[in-house]
Every structure is written in structure tokens, then in C-alpha cells.
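Structure record follows, encoded as C-alpha cells.
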Amino acid sequence: MMEESEKKQEENTYKHFWLIVSISILLVLGLWIWNWLALNEYPEDTRGTHGDMFGAVNAIFSGLAFAGIIISLYLQRIDLKNQFKEIKQTNREFKIQNDTLHIQKFENQYYKMIDLHRANVNEISIPFFDLLGDSPTSKINVKIEVKSPNLILREVTGKKGFVDMAKELEYCLEISLDFFTKRNDFKYNEKDIFSFAYSIFFWGVYSDFAGSEKIIDEHQELVKNHLKQEQSNYKRNLYQGNSQEINTRYVPFQGHESRLAHYYRHLFQTVKYVTIQVESKNIDYSEARQYLRVLRAQLSNSEQLMLYYNYICGFGQNWDRLGKENYQFFTKYRMIHNIPVDRVVFVEKPRVHFRKYIIEEIKGKDSLFEWGDYES
């Protein structure tokens, strides 16, 4: 539509120009003819005197010559204007091409990052021993090698690992809260207790990194010693074929740093890569949400549950700071939209934790959680 209007405007401009030229030519010819006819009516001896009247016509020609210069300048102005329009159109086309290249480059990189995320998930492997016979896991997990007539070494792989990791972490949280708040009233901040419990889950109960500067060492040892005993009991029950108190398929409290550290780093950078495109105005917010839906679709419910635990226990605090600018991956960008909110235990529930954001920002529209922002 814009190009058509510009063409019509250009055609009208040239029509006006040729109309002026035509009128000027007709005017000059008319004056010459009028002078010639007028002189024919005079005697020959007086025609010379009257011939001086052509001087007026010559003056008109001089004026027309000057007008020609003006017209040529006017034409040059039109040409420059047209060139400027062409340059603007070229710049617009270049910008469109440049924006398209930016989007293509972004999408290529983004979907490669999603492929890497899938690879990170597939590489998660937690070995464990299983009893031969009628064990239900014998139909699910991959047989690696036989270690004894009664035991076989298997592995929990991929997304299934997050199901068992959630159970292990929740047990660490439960025991820590029990020792610090129920059996003993140590007056520790809940956030410090959660961070301590997560450090044991992440590093392992025997790791020097497992612990908290906010909790007295003697108090930490109460929990650690209990978990060490539970680990020993798990191994004994495994070899004896007894039921387990901790419902995981692998020996718990050995740590998951080698499995989860790069998983969360890469996932964080993938989400951040999309949000940076919004800040750079390469894409808008709604487009970013659409791209992140593709990534979120790769996350199982247990992965989103573990992602929230990672955040609420302080290890992944940069995932969101209750809607603070540049820290809005859970709130503004809905990265735990599908979390099974009722499965969250021992820590602050997501609906409670993000209540202020839900009330002030969402206001009943575009819910933060798939299962609803308010308890029914």
C-alpha cells in the first residue's frame, strides 16, 4: 500500500511538470503569432518601429530561460527525493533481512541448546543393585552385569532418575527438620535448614562440602550420623532382601553433584539466552514465552519439582527473586508452570511463596501454575 501511494504521488508530480512546460510553450508561440499578425496590419515603413515590440517577447524568453533553470532544479529535487525514498526502502529491506538472520541465528542456537539439554538428561545414570527374580524393576531398567547369584547391577537413567532423587531429597529435608525443630529446638532459620539438607543430597553425606556455616557442627553431625546409619541399613536390607524405609532404587546419600551441576547450569543458560533476546528487542515477550514453552515441554513433572527444590533451598536462588528484574524465570517466564504443586513437601509451597506476585501481577489472568494459583 505504501509503495502504491508513493508511485501515485510521483506520477502526479511529473504531470504537473509537463503541464507547466506545455503552457509555457503555448504562451511563447501565442505571443510570436500575435506579434506577427499585428505587424502585418502596419505599413512597411512603420514596421521597424513596431518590430521593437518583439523585445518584450525576447524578455519573456529570457524569463523563461530563468524559469527553465528553476524547473531543472525542481527536477533535481524530485530525483533526489526519489533516491532518498529508494534508499529508505533499501534500508527497510536490509533491516528485515537482518532481523530475519538474527532470528534464524537465535533459533539455530536455541534448538541446539535444547538438543544438549536432552543429551544431558539421557546421560543421567544412577547405578544400583537389584535382586534377581520378581522385582518390578527387572522389567524397566537395563541389565549391566551379574555381580552375584542373587544380585544384578542396574541403573536408573534419564528422567526416571528425578523421581527417585525427589524422594531422597525429601527424606533429607524431613530428617533435618525433625532433628533441628522437633527433637531439638535449635531455633535455626528454615532456609538454613533447607540449604543444609540440600547440600547433603547434592554433595553426599560423606562429602566435606556437605554442611552449612549457619548451623553448629555438632548439630550437623546429628543429622549426618543418622543418614549414614540409614545408608548402612539400606545396603543391609538390600542384600538381605528386606523392605526399605527409604523408597529409592539406589543407595541414597551418595551425592548427585556429577549429575545435576551441569544439568542445572545448562538449563539456566538456555532460559537466559531466550530472555536476553527480549532485552535486545530481537523478539518480544510473547514470542519468548512461546520459545520457552518448547523447552518447558521437555521437563517432566519430577524435573520441575526438583527445579523448585533447587531454587527454594537456595542453591538455585537466581532462578527467581520473586519477580525482581532479570530474575523472573519462574514468575514472568513460567518455567515451573507444570509443577505438581501438591507434591511439594516440607518446604514453602509454590502458591504461598509466589502469593504476592500472583495477587499483584497476575490478577487472575494467565495463571502461574497449571494446577491453579489458589488452593481449591
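The values are calculated or read from the model by the stated rules, or taken from the named source; none is laboratory data. This structure is a prediction, so every number in the text was calculated from the model and none was measured. Counting neighbours? That spans all protein chains shown, and the Cβs are built from the backbone with ideal geometry, glycine included. Only protein heavy atoms, including side chains, enter the accessible area calculation; ligands, DNA and RNA are left aside. Shrake-Rupley method; radii C 1.70, N 1.55, O 1.52, S 1.80 Å.
In segment 181-202, the residues that are more than 14 Å from His219 (Cα to Cα) and in contact (Cβ under 8 Å) with a residue 24 or more places away in the chain form Cβ pairs under 8 Å with partners that are open to solvent by less than 10 Å² (accessible area, probe 1.4 Å) and of a type in the set (D, E, K, R), at six or more places apart or across chains, as follows: Phe201/Glu168. Only residues that are without any contact (Cβ under 8 Å) to a residue 12 or more places away in the chain and either of a type outside the set (Asp, Glu) or surrounded by 11 or more Cβ atoms within 10 Å (Cβ to Cβ) (or both) were counted in segment 353-365, giving 6.
Please go through segment 201-252 and give me each residue that is assigned to a loop (DSSP other than H, G, I, E, B) and either small (Gly, Ala, Ser) or in contact with a strand residue (DSSP E or B) (Cβ under 9 Å, 6 or more places away or on another chain) (or both), ordered by number. Full working, then the answer.
Narrowing segment 201-252 to residues assigned to a loop (DSSP other than H, G, I, E, B): 204-216, 241-252.
Hits for segment 201-252 are Gly204, Ser207, Ala210, Gly211, Ser212, Gly241, Ser243, Thr248, Arg249, Tyr250, Val251.
Looking at this structure, is Arg236 basic (Lys, Arg), closer than 30 Å to Arg293 by Cα and surrounded by fewer than 17 Cβ atoms within 10 Å (Cβ to Cβ)? So Arg236 fails the test.
I'm trying to understand the selection: among the residues of segment 216-244, which are among the charged types (D, E, K, R) and under 25 Å from Tyr308 (Cα atoms)? Passing the criteria: only Lys224.
For segment 258-265, the condition of being closer than 26 Å to Ser367 by Cα and buried (at least 17 other Cβ atoms within 10 Å of the Cβ) holds for at least one residue. If the condition is being on the phi < 0 side of the Ramachandran plot, over 22 Å from the mean Cα position of the chain (by Cα) and open to solvent by 30 Å² or more (accessible area, probe 1.4 Å), then segment 316-350 contributes Asp342, Arg343, Val345, Glu348, Lys349.
Cβ separations smaller than 7 Å between residues 6+ apart or across chains give the following pairs from segment 291-315 residues that are in contact (Cβ under 8 Å) with a residue 24 or more places away in the chain to residues that are aliphatic (A, V, I, L, M) and open to solvent by 30 Å² or more (accessible area, probe 1.4 Å): Ser302/Val163.
Here are some conditions: (1) surrounded by fewer than 20 Cβ atoms within 10 Å (Cβ to Cβ); (2) not in a loop (DSSP other than H, G, I, E, B). Leu307 meets all but one. Which one does it not meet? The one condition Leu307 does not meet is (1). Of all residues in segment 179-205, those that are open to solvent by less than 80 Å² (accessible area, probe 1.4 Å) and among the acidic types (Asp, Glu) total 1.
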